[in-house]
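The values are calculated or read from the model by the stated rules, or taken from the named source; none is laboratory data. All values reported here derive from a predicted model rather than from experimental measurement. With ideal geometry, Cβ positions are generated from the backbone for all residues, glycine too; neighbour counts draw on all protein chains shown. Side chains included, ligands, DNA and RNA excluded: accessible areas come from the protein's heavy atoms. Shrake-Rupley method; radii C 1.70, N 1.55, O 1.52, S 1.80 Å.
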Amino acid sequence: MLKVFEAFSGVGSQHMALKKLNYEYEIVATSDIDKNAILAYYYVHNWNKKYKKISKDEMLEYINKKGIGDIEKNKKSNEKEIYELYNAVRCSKNLGDIKKIDVNKIPNHDIFTYSFPCQDISSVGTRRGLDFGSGTRSSLLWECKKIIESKRPKYLILENVKNLVVGKNKENFLKWIGYLEMQGYDNYWKIFDSQYYGIPHRRPRVIVVSKLGKSNINLVKDNYIKESEISDIIDKKEDKWIIFEPKAEIKGKINEGECLFLDDRDWKMNGVIINKVCSTQRAGRTGLKLIKKEKGKLYERKLNALECCRLMGYLDEDYMKMKKGGLSDGTIMKICGNSIVVNVLENIFKNIFEEENYG
């Protein structure tokens, strides 16, 4: 059984991939500070677990010491809300802010996943970079060194936007790869795009898979992943269609009776894009749509949260658990925008388990 530590865990897309593959594994720890992401992780993966309630002050102290959420907002929350977050943190084995984690309290593990924040290196982000000591959110990458050096996980999985290997960010990326090599890791990396891994969603992401010692296989090679069509994504129950009135020139063609993805968010610059593949979901920028043609007329509607989940490879039951837990559709869509497509992770974990069974 491989033991896994999910840092920057979000909703737990790595956990989702492992569950789909039905391999033997154990999530021994997670790390995140975003309240809604922690709740989402709990709802999806640990729904029936409950920790004994302690006093509100004790729960607040526990949460705040870990750097989870906003301290002032936490104080203003009622006891029920505090317990919900406290319980989610405990059940998800969440160690909190990676800057504050005591490495001696991290359980030993075989796989360390670290999809660190992309805000400062994304092409649509702040572009402040990830220099060591810069204090940017993306520079949290360097906090992972203490974990790698202390726990020496057998496998490492890094995921981030493709801009990590472009322009001024590439120098830091190569420094990181050099650091891993000095630690004895054999590293494989490439840009994965989920549209080539069974999901009609354009989402190019860099993934680095590292093994302590020499690997016997290419850890980023491709495996067969079941294909999904646009018809598998569309929620047939959604009926909020309106007449489509294009804001600019339409790029793409739609046939009678067809339903495609529509992106007109950048219509002034890029026009109106129609495609069988969805544009990239982003946490702070929703508004992706569908377009269909019926009796010669064009209709549009926004993608709903269930469809956004399907575009990330989540199961419908994952969406329903988050909704039942009380998360809004807007929050769920933001979580999707911050996540990793599960199909791509399935591909990676297949390689790791193949390596484990090699020979």
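Among the residues of the range 201-232, none is identified as without any contact (Cβ under 8 Å) to a residue 24 or more places away in the chain and aliphatic (A, V, I, L, M).
Residues that are crowded, with 16+ Cβ neighbours inside 10 Å and in contact with a strand residue (DSSP E or B) (Cβ under 8 Å, 6 or more places away or on another chain) within the range 278-292 comprise 278, 279, 280, 281, 286, 288, 289, 290, 291, 292, listed in sequence order. Please verify whether the range 49-62 includes one or more residues that are within 28 Å of residue 146 (Cβ to Cβ), open to solvent by less than 70 Å² (accessible area, probe 1.4 Å) and assigned to a loop (DSSP other than H, G, I, E, B). No - not one qualifying residue is present in the range 49-62.
When 65, 105, 99, 93 are checked against the criterion of being closer than 25 Å to residue 142 by Cα, within 21 Å of the chain's Cα centre (by Cα) and exposed (fewer than 15 other Cβ atoms within 10 Å of the Cβ), 99 stands alone in meeting it.
Name the residue, out of 150, 134, 139, that is in a helix (DSSP H, G or I), hydroxyl-bearing (Ser, Thr, Tyr) and either more than 20 Å from residue 34 (Cα to Cα) or open to solvent by 60 Å² or more (accessible area, probe 1.4 Å) (or both).
Working: 134 fails: in a helix (DSSP H, G or I); 139 fails: either more than 20 Å from residue 34 (Cα to Cα) or open to solvent by 60 Å² or more (accessible area, probe 1.4 Å) (or both).
Unique residue meeting the criteria: 150.
Scanning the range 218-230 for residues that are at pLDDT below 95, open to solvent by 60 Å² or more (accessible area, probe 1.4 Å) and either under 21 Å from the mean Cα position of the chain (by Cα) or farther than 15 Å from residue 192 by Cα (or both) returns 226, 227, 229.
At least 3 residues that are closer than 30 Å to residue 117 by Cβ in each: list the strands (runs of 3 or more DSSP E) lying fully within the range 240-305 that qualify.
Details: elements: 259-263, 272-275, 289-294, 297-302.
In the range 240-305, the matching strands (runs of 3 or more DSSP E) lie at 259-263.
Hey, residue 42 hits all of (1) open to solvent by less than 40 Å² (accessible area, probe 1.4 Å); (2) more than 19 Å from residue 342 (Cα to Cα) but one; which does it fall short on? Going through the list (1) open to solvent by less than 40 Å² (accessible area, probe 1.4 Å); (2) more than 19 Å from residue 342 (Cα to Cα), residue 42 breaks only (2). Being more than 21 Å from the chain's Cα centre (by Cα) and surrounded by fewer than 22 Cβ atoms within 10 Å (Cβ to Cβ) holds for only one residue in 71, 33, and it is 71. Taking the numbered list (1) open to solvent by less than 20 Å² (accessible area, probe 1.4 Å); (2) within 15 Å of the chain's Cα centre (by Cα) in turn, residue 319 passes all entries but (1).
Checking the condition over 22 Å from the mean Cα position of the chain (by Cα), surrounded by fewer than 21 Cβ atoms within 10 Å (Cβ to Cβ) and modelled with pLDDT under 95, which residue from 181, 171 passes? Explain how you work it out, then say what you get.
Working: 181 fails: modelled with pLDDT under 95.
Testing whether each residue is over 22 Å from the mean Cα position of the chain (by Cα), surrounded by fewer than 21 Cβ atoms within 10 Å (Cβ to Cβ) and modelled with pLDDT under 95 leaves just 171.
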